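The structure under discussion appears below in the form of structure tokens.
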Amino acid sequence: MIKRLLCIALLLALPLSAVASSQDLQRFSLANGLEVLILPDHTLPIVSLGFYIPGGVVAQEVDNSAAHITYTLLSEGTHSYSKQDIHAAEDRGGSIETFARQRTGVIRATVHRDDAQTSLSALISMHQEPLLPAQRLDVVKNQTQAAIANRQAVAARHAAYLFQQSLYQSTPLAFATQGQSDLTAQLTREQVQAYHQQAIRITDGTVFVAAGDVDESLVEHITARLEQLPARQLEGVEPFSTFADNSPLDEKHSASTQQAHVFLRYPAPPADDHCFAPMHIASTALGGGMGSRLFRELREEQGLAYSVSASMGVTVANPGMRVSIGTAPGNITEALSGMERQVKRLFREQLTENELERARNYLLGNHLLSRETVGDRVLHQAIHTLMGLSHSYDEDSIKALEEVDLNQIQDCARQWLADAKPDRFVYGEPSE
């Protein structure tokens, strides 16, 4: 903890330009629909290259882990590169990553400058012509089912999964990266191949980022290679659209567990709204870290909680403020009442100056720590681009946090929370 606090203090002392800057960002579109971002940083001879693809889990038809499994199989070999060839850069300290997120998928490499062109070719081959070998499919399915079993065995994770399913039932947002075990077991190679064709091998709307020790000759090479990719677009789903939900949700699930889990979800502003920064600070003051109101009052003073949190995601679609608590089954009613009481305090009374500064520094510190590497900064830049946010969103969001005052926080909390009917979800309700 002391080391983390020192890191935050040092990072907060740095000028913004020393941590992340969009001033040198080059941005252009290709005829096949690819959007290319070039972010030079010649501090080290390291290059981060990658496809950031709209789709991810929400491009699945059912909750069968297809996105996760297909992205995992991409690095198992292609028609042009063996698995060993793909991972060769790792022998020299580089990395290759392929993974699915809720609304996006990622194929990227972070390598020495000398390996950039070879790694680019491997990334393109994974994007366009992976083998998706049948003999590895069963192995990855078994690994995925083991991860699902682990989630089901951990009450907090299983409860969060059930809450998401109940809230977005019958829409793709109900799907998890590692979905339902029975549907995952039934996943076929033909379905994996179809997912690749429909949701990975696309160019229209995909963002390709090259960051780090990138010079003009490498940019020209990257552009020439990417221009050759055939134009394809994602069909059937708009990943960053707003999906229908079942609000206001009010569900209680009985379960034999020593700890119950209670979730509240309140409406919240999207990332490009003027109230986002004030509400981000409000949610952090409410439940971000050990200095938050929920931690101090419900956990430390009343002893109602083992874990408490409140958070808002950076998103333009389906935004929300989630509040959660892990408590003894016999304390559910009291804990729920305490959570709602603390939320109401956000618009009924102002934060103190100390609460504002603690929440602001907490967010700024976490923001900077999450962007320590070139790869980290690239991921955030690409996701913001896919969302349609400004290329300077990182700098703009820091400035917004620095300028928030107590009146703005209370005004925005009143606007978003005063008349809100929160979604309520309880897992671990004692059986009668």
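Just so you know, all these numbers are worked out from the coordinates, no wet-lab data involved. All figures in this text were calculated on a predicted structure; none of them were measured in a lab. Cβ placement follows ideal geometry from the backbone for every residue including glycine, while neighbour counts extend to all protein chains displayed.
Normalised by 2.2 N^0.38 Å, where N is the number of residues, the alpha-carbon radius of gyration of the stretch 295-432 equals 1.23. Under the simplified labelling scheme, the D273-Q233 pair shows an inter-label distance of 2.9 nm, with each label point 7 Å from Cα along Cα→Cβ. Working from the Cα coordinates of the stretch 195-304, the gyration tensor eigenvalues give, after taking √(5λ), semi-axes of 44, 23, 16 Å in decreasing order. Under 26 Å of direct C-alpha separation, and excluding same-chain neighbours fewer than eight residues apart, K252 reaches these lysines: K344, K421.
Excluding residues fewer than 8 places away in the same chain, name every one of the lysines whose C-alpha is closer than 25 Å to that of K141. Cα-Cα hits under 25 Å: K83.
If contacts are Cα pairs under 8 angstrom and at least 6 residues apart, what is the relative contact order of the chain in percent? Don't jump to the answer; show the numbers that get you there.
Working: 814 pairs, mean separation 92.0, N = 432.
Once divided by the residue count of the chain, the mean separation gives 21 percent.
Between the helical axis of 134-153 and the dominant principal axis of the chain, each derived from Cα atoms, what acute angle in degrees is found, rounded to the nearest 10? Roughly 10 degrees, rounded to the nearest 10. Loop-resident GluC sites (Glu not before Pro) (DSSP state other than H, G, I, E or B) in the stretch 270-365 with no more than 16 further Cβ atoms inside 10 Å of their Cβ: E349. The E190 and S247 beta-carbon pair, evaluated with R₀ = 41 Å, returns a calculated FRET efficiency of approximately 0.65.
Highest mean packing first, where packing is the average number of other Cβ atoms within 10 Å per residue, the peptides 367-373, 306-312 line up as 306-312, 367-373. Relative to the longest principal axis of the Cα atoms of the chain, the long axis of helix 2-13 lies at roughly 70 degrees. Of S80, S170, the sequence from fewest to most neighbouring Cβ atoms within 10 angstrom is S170, S80.
Can you give the % of DSSP beta bridges in the stretch 21-227 that are antiparallel, to the nearest 5?
Numbers: 26 of 32 bridges.
Once the DSSP bridges in the stretch 21-227 are tallied, antiparallel ones form about 80 percent.
With all pairs of different C-alpha atoms in the average, the Kirkwood value for the hydrodynamic radius of the stretch 21-227 is 18.0 Å. Principal axis analysis of the Cα atoms in the chain yields extents of 61, 51, 38 Å, listed in decreasing size. Estimated purely from DSSP H runs of n ≥ 4, each contributing -39500 (n - 2.57), the mean residue ellipticity at 222 nm for the chain is -13000 deg cm²/dmol once divided by its residues.
For the peptides 418-426, 63-71, what is the packing order when you average, over each peptide's residues, the other Cβ atoms within 10 Å and list the highest mean first?
Working: 418-426: 17.4, 63-71: 25.6.
Averaged packing, sorted descending, gives the order 63-71, 418-426.
Spread over its residues, the convex hull of the C-alpha atoms of the stretch 181-224 is 133 Å³ per residue.
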